[in-house]
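Chemist: Got a structure here, written out as structure tokens. Questions coming.
The values are calculated or read from the model by the stated rules, or taken from the named source; none is laboratory data. What you see is a predicted model, and the numbers here were worked out from it, not measured in a lab. When we count neighbours, we look across all protein chains shown, and the Cβ atoms used for this are built from the backbone with ideal geometry, even at glycine.
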Amino acid sequence: MRIVTTMLDKNSFSFNRMWSIINYELRGDLRRKKVLFVISFVFVVIVLVGVFFRVFFPKGSIVGSEYLWSEMVLVLTNGFISGIFPMILGGIISVDSIAWEIDKGTIIPLLSQPVKKSEIYFGKITEKLLLVSAISMLLVILSIFIAIMLVGGQKHLIWAIPTALCLMLEIMVFVSFTFMMGALIKQSGFMMLILTGIYFSILIGSVFVMLKQGFHLWMTLIPLEGINNLLVSLQHFFLDPNGKMFVNYNLGPGMSGGAWFPASELLLYSFIGASISAFVFTIIGYILFLRLEIRG
Amino acid sequence: MTELMKIIHLQKYYDLNSGITDINIHISKGTIHGFLGLNGSGKTTTMKIIMGLLKRDGGSIEYNNLPYEPSSIKDRANIGFATDLPYFPPYLTGNEILILYGRIRRISKSEITKESLNLLKLVNLEESRNKKIGKYSRGMLSRLGIAVSLIGDPDMIILDEPTAGLDPVSSSTVRNLLVEMKKNEKTVLLSSHLLGEVQDMCQNVTIIHKGKTLMEGSIKDIMMNSNNTYSYIAEFNNLPPKMLLEIKGLKGIDEVNVIDEKNNSIKLKTSMDIDIRADIARIALKNGVIMLSCTQDELSLEKVFLKLISD
């Protein structure tokens with residue numbers, strides 16, 4: 001048993017210990033019914049969206065065509081209401097990682113082990129990255145599968161990979177945001193409500209700014225707001241790499257606007273904006289986690 | 001005896017009226033060291049600082065005569081920690097949690113699988129090893145917490161009220177574990193409100209109150225130093241006032257109080273460790289009174305503790 005201390009002699013960051021945290025987190029995620037719920041939810045939503053398109057859009061129309069699979073993914077992630085889907089997904093799977101563990105006290109035996117806080121934090125978020133990647137892939141594959149069943153052969157399947165990648169990035173923005181909020185408020189009870197409140201506040205606030213100043217590309221860099229354009233610009237880009245797309249925003253009658261932008265530029269800005277958001281939330285969350293003290 | 005951990009002038013402030021201001025503890029190697037104090041006196045805060053769960057605002061900690069840094073995993077690897085009611089993810093089993101924490105400590109899978117079984121046996125949870133923790137009772141959780149604190153065979157174990165709220169069977173299991181640790185020359189810092197338990201188990205104690213160390217040392221020394229009065233309770237078949245006056249006049253008697261007139265009982269306090277029973281019996285005989293009993297009121301850690309915190 002003395003082997004333990006010799007293996008722990010090094011005080012620096014250890015990927016081996018981080019891997020153990022990934023295992024700890026993964027075991028938890030697989031056991032929690034929430035993850036099963038999320039996967040079932042994804043499946044049901046995809047089927048419902050597919051059936052909706054099949055019923056309301058005739059075969060041969062844009063969304064009833066060989067691009068149906070990408071429309072199905074897009075409708076889940078784009079727009080004022082459907083944009084909430086990545087937030088629900090990201091929030092549900094990550095609320096237990098930091099907020100719940102602090103809230104319930106399960107973080108105490110974990111922090112009492114000879115493991116660095118950085119290994120715990122980055123181990124947990126890396127596991128979420130793996131899980132979100134798997135869920136994104138599953139969502140895209142399911143979309144393709146159901147689209148083939150509903151309208152027949154699908155085209156541009158090579159775009160399934162960047163689509164899954166962008167979807168993963170969208171969800172990861174919310175995962176990192178949930179991690180950050182968890183380290184900040186240390187309560188899991190109202191986390192989903194808080195996330196929804198902040199998300200809609202930013203969205204509505206951004207539209208007001210757009211109504212006043214018009215839409216500019218830099219606005220896609222606004223945390224949480226900009227990610228709404230990610231998948232839609234990707235779809236426009238793969239349909240026509242040199243084409244333009246119309247970005248519109250509205251809060252009701254007389255409160256709307258829009259502008260045309262090259263899809264490639266919007267995609268680039270949205271991708272950079274989402275990446276920066278995920279990175280910044282992760283780092284702020286990490287700093288808050290480092291300062292964490294277990295009182296009571 | 002060699003000192004394993006030394007805590008000097010430890011401080012932690014939550015706000016103006018709470019926290020710890022001056023905690024000093026000297027823990028000898030291979031001993032069970034009692035850590036006593038009322039609720040809110042700073043015991044858990046001190047333990048959490050040692051484990052890096054709270055940051056200290058002042059003071060120093062030494063381990064094996066070297067500076068101890070709670071944020072250093074190398075330092076912390078030598079110490080196991082269990083709280084009064086440890087919480088573990090309810091969807092995992094006892095066996096899984098030990099293996100997962102063992103893997104975090106970089107113990108090989110085969111080794112921790114073996115060690116996990118041994119630890120579960122040690123804490124009487126062998127039969128519940130594959131039961132989900134969510135279905136564990138409070139006693140089982142507490143014992144699992146102790147098993148977790150023993151992963152990797154650390155030199156020192158910190159136990160925060162390990163028998164609090166446990167049924168007699170679980171308490172007895174925990175006490176047996178402490179005896180086992182003592183046999184194996186483990187160093188244990190034990191916080192408990194059961195002072196009888198501490199008196200039986202510990203060689204040394206630290207008593208803290210309102211965030212400060214009041215007294216520290218071996219139980220014997222603490223009892224000697226904190227109490228310089230000795231009490232006797234005597235019962236007679238009759239209690240004539242003349243006899244009372246004679247007893248009060250005995251050398252070394254500081255105080256005589258009638259505690260029960262109906263049963264003719266008195267309580268005597270002496271400032272010296274002298275046996276006054278023969279003198280009392282002689283006075284009773286002289287006054288034609290029969291002394292039914294005269295016993296020394298036994299000094300306990302509990303009484304010393306209560307006296308210390310009330311002073």
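Chemist: For B:Gly80, work out the one condition from (1) under 30 Å from A:Leu30 (Cα atoms); (2) not in a strand (DSSP E or B) it doesn't fulfil.
Modeler: Exception for B:Gly80: condition (2).
Chemist: Which one of these is in contact with a Gly (Cβ under 9 Å, 6 or more places away or on another chain), touching a residue at least 60 places away in the same chain (Cβ under 8 Å) and either within 14 Å of another protein chain (Cβ to nearest Cβ) or not hydrophobic (A, V, I, L, M, F, W, C) (or both): B:Lys109, B:Lys182, B:Lys131? Quick ask: steps written out before the conclusion?
Modeler: Values: B:Lys109 fails: touching a residue at least 60 places away in the same chain (Cβ under 8 Å); B:Lys131 fails: touching a residue at least 60 places away in the same chain (Cβ under 8 Å).
Within the list B:Lys109, B:Lys182, B:Lys131, the selection yields B:Lys182.
Chemist: If we scan the stretch A:84-107, do we find a residue that is touching a strand residue (DSSP E or B) at 6+ places or on another chain (Cβ under 7 Å), of a type in the set (Gly, Ala, Ser), buried (at least 20 other Cβ atoms within 10 Å of the Cβ) and within 14 Å of chain B (Cβ to nearest Cβ)? Lay out the reasoning, then the answer.
Modeler: Within the stretch A:84-107, the first condition is being touching a strand residue (DSSP E or B) at 6+ places or on another chain (Cβ under 7 Å), and the residues that meet it are none.
No; the residues of the stretch A:84-107 include none that is touching a strand residue (DSSP E or B) at 6+ places or on another chain (Cβ under 7 Å), of a type in the set (Gly, Ala, Ser), buried (at least 20 other Cβ atoms within 10 Å of the Cβ) and within 14 Å of chain B (Cβ to nearest Cβ).
Chemist: A follow-up question, please. With under 27 Å from B:Lys303 (Cα atoms), free of Cβ contacts under 8 Å to residues at least 60 places away in the same chain, within 37 Å of the chain's Cα centre (by Cα) and not in a loop (DSSP other than H, G, I, E, B) as the only criterion, which of B:Ala234, B:Ala278 stands out? Show your work before the answer.
Modeler: Details: B:Ala234 fails: free of Cβ contacts under 8 Å to residues at least 60 places away in the same chain.
One residue alone meets the criteria, B:Ala278.
Chemist: Scan B:Gly30, B:Gly34, B:Gly58, B:Gly19 and give me the residue that is among the small types (Gly, Ala, Ser) and surrounded by 21 or more Cβ atoms within 10 Å (Cβ to Cβ).
Modeler: On the way: B:Gly30 fails: surrounded by 21 or more Cβ atoms within 10 Å (Cβ to Cβ); B:Gly58 fails: surrounded by 21 or more Cβ atoms within 10 Å (Cβ to Cβ); B:Gly19 fails: surrounded by 21 or more Cβ atoms within 10 Å (Cβ to Cβ).
None of the other options fit; the residue is B:Gly34.
Chemist: Name the single residue, out of those in the stretch B:137-156 being buried (at least 17 other Cβ atoms within 10 Å of the Cβ) and closer than 18 Å to B:Pro168 by Cβ, that is farthest from the other protein chains (Cβ to nearest Cβ).
Modeler: Filtering first and then ranking leaves B:Gly139.
Chemist: Suppose the filter is within 12 Å of another protein chain (Cβ to nearest Cβ), surrounded by fewer than 14 Cβ atoms within 10 Å (Cβ to Cβ) and either touching a Cys at 6+ places or on another chain (Cβ under 8 Å) or assigned to a helix (DSSP H, G or I) (or both); does B:Gly102 pass it?
Modeler: no
Chemist: If you don't mind, there's one more thing I want to ask. Residues that are touching a strand residue (DSSP E or B) at 6+ places or on another chain (Cβ under 9 Å): list the helices (runs of 4 or more DSSP H) wholly contained in the stretch A:150-243 that include at least 3 such residues.
Modeler: On the way: elements: A:160-185, A:191-213, A:230-239.
The qualifying helices (runs of 4 or more DSSP H) are A:191-213, A:230-239.
Chemist: Taking the conditions exactly as written (under 26 Å from B:Ile222 (Cα atoms) and away from chain A (no Cβ under 14 Å)), does B:Ser41 satisfy them or not?
Modeler: Working: under 26 Å from B:Ile222 (Cα atoms): yes; away from chain A (no Cβ under 14 Å): yes.
Here the answer is yes, as B:Ser41 does meet what is asked.
Chemist: Examine the stretch A:203-210 for a residue that is surrounded by 15 or more Cβ atoms within 10 Å (Cβ to Cβ) and touching a Ser or Thr at 6+ places or on another chain (Cβ under 8 Å), and state whether such a residue exists. Working first, answer last.
Modeler: In the first step, residues of the stretch A:203-210 are kept if they are surrounded by 15 or more Cβ atoms within 10 Å (Cβ to Cβ); the result is A:203, A:206-207, A:209-210.
From what's left, touching a Ser or Thr at 6+ places or on another chain (Cβ under 8 Å): none.
Scanning the stretch A:203-210 turns up no residue that is surrounded by 15 or more Cβ atoms within 10 Å (Cβ to Cβ) and touching a Ser or Thr at 6+ places or on another chain (Cβ under 8 Å).
Chemist: What single numbered condition from (1) surrounded by fewer than 19 Cβ atoms within 10 Å (Cβ to Cβ); (2) in a helix (DSSP H, G or I); (3) modelled with pLDDT of 85 or more fails to hold for A:Val132?
Modeler: (1)
Let's see how each residue does on (1) in a strand (DSSP E or B); (2) of a type in the set (Gly, Ala, Ser); (3) modelled with pLDDT of 90 or more:
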residue	(1), (2), (3)
B:Asp153	no, no, yes
B:Thr173	no, no, no
B:Glu180	no, no, no
B:Leu190	yes, no, yes
B:His193	no, no, no
B:Val205	yes, no, yes
B:Thr213	yes, no, yes
B:Lys220	no, no, no
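Chemist: Now, a different point. Exactly one of (1) closer than 22 Å to B:Leu141 by Cα; (2) part of a loop (DSSP other than H, G, I, E, B); (3) more than 10 Å from chain A (Cβ to nearest Cβ) is unmet by B:Pro90. Its number?
Modeler: Here B:Pro90 clears every test but (3).
Chemist: Within the stretch B:239-271, count every residue that is over 21 Å from B:Gly288 (Cβ atoms) and part of a helix (DSSP H, G or I).
Modeler: So the count comes out to 0.
Chemist: Those residues that are more than 10 Å from chain B (Cβ to nearest Cβ) and either without any contact (Cβ under 8 Å) to a residue 60 or more places away in the chain or more than 16 Å from A:Ile93 (Cβ to Cβ) (or both), I need them from the stretch A:19-45; list them, please.
Modeler: A:Leu36, A:Phe37, A:Ser40, A:Phe41, A:Val44, A:Val45, listed by residue number.
Chemist: Can you tell me which residue is surrounded by the most Cβ atoms within 10 Å (Cβ to Cβ) among those in the stretch B:40-54 that are in a loop (DSSP other than H, G, I, E, B) and free of Cβ contacts under 8 Å to residues at least 24 places away in the same chain?
Modeler: At the first step, the residues of the stretch B:40-54 found to be in a loop (DSSP other than H, G, I, E, B) are B:40-42, B:51-54.
Now narrow it down to the ones that are free of Cβ contacts under 8 Å to residues at least 24 places away in the same chain: B:40, B:53.
On the way: B:Gly40: 11, B:Leu53: 21.
The extreme case among them is B:Leu53.
Chemist: Another question, if that's okay. Which residue is nearest to A:Met192 (Cα to Cα), if the candidates are limited to the stretch A:1-18 and must be modelled with pLDDT of 85 or more and facing another protein chain (nearest Cβ under 7 Å)? Can you show your working first?
Modeler: If we filter the stretch A:1-18 for residues that are modelled with pLDDT of 85 or more, which is where we start, we get A:15-18.
If we keep only those that are facing another protein chain (nearest Cβ under 7 Å) as well, we get A:16-17.
Numbers: A:Asn16: 32, A:Arg17: 30 Å.
Going through the qualifying residues, I end up with A:Arg17.
Chemist: Answer yes if at least one residue in the stretch A:271-294 is surrounded by fewer than 19 Cβ atoms within 10 Å (Cβ to Cβ), basic (Lys, Arg) and under 30 Å from B:Met47 (Cβ atoms), and no otherwise.
Modeler: yes
Chemist: Would you confirm whether or not the stretch A:227-250 contains a residue that is more than 21 Å from the chain's Cα centre (by Cα) and of a type in the set (Gly, Ala, Ser)?
Modeler: Checking the stretch A:227-250: at least one residue is more than 21 Å from the chain's Cα centre (by Cα) and of a type in the set (Gly, Ala, Ser).
Chemist: Looking only at the stretch A:90-119, count every residue that is among the hydrophobic types (A, V, I, L, M, F, W, C), touching a Lys or Arg at 6+ places or on another chain (Cβ under 6 Å) and not in a helix (DSSP H, G or I) and tell me the total. Let's see the steps before the verdict.
Modeler: We begin by selecting, within the stretch A:90-119, every residue among the hydrophobic types (A, V, I, L, M, F, W, C); these are A:92-93, A:95, A:98-100, A:102, A:107-108, A:110-111, A:115.
Filter once more, so that each one left must be touching a Lys or Arg at 6+ places or on another chain (Cβ under 6 Å): A:92, A:102, A:115.
Remaining after also requiring not in a helix (DSSP H, G or I): A:115.
Total satisfying the criteria: 1.
Chemist: Exactly one condition in (1) of a type outside the set (Asp, Glu); (2) more than 14 Å from chain B (Cβ to nearest Cβ); (3) touching a Lys or Arg at 6+ places or on another chain (Cβ under 6 Å) is not met by A:Leu290; state its number.
Modeler: All conditions pass for A:Leu290, except number (2).
Chemist: Okay, moving on. Find all pairs meeting these conditions: Cβ atoms under 6 angstrom apart; at least six residues apart or on different chains; first residue within the stretch B:74-91 and not assigned by TED's automatic domain parsing to the domain that holds B:Thr44; second residue surrounded by fewer than 23 Cβ atoms within 10 Å (Cβ to Cβ) and modelled with pLDDT under 90.
Modeler: none
Chemist: Where residues in the stretch A:141-178 are more than 12 Å from the chain's Cα centre (by Cα) and aromatic (Phe, Trp, Tyr), which of them is surrounded by the most Cβ atoms within 10 Å (Cβ to Cβ)? Give the derivation first.
Modeler: Initially, the stretch A:141-178 is screened for residues more than 12 Å from the chain's Cα centre (by Cα), giving A:141-163.
Next, only the ones that are aromatic (Phe, Trp, Tyr) stay: A:145, A:159.
Working: A:Phe145: 14, A:Trp159: 18.
Looking at residues that are more than 12 Å from the chain's Cα centre (by Cα) and aromatic (Phe, Trp, Tyr), I get A:Trp159.
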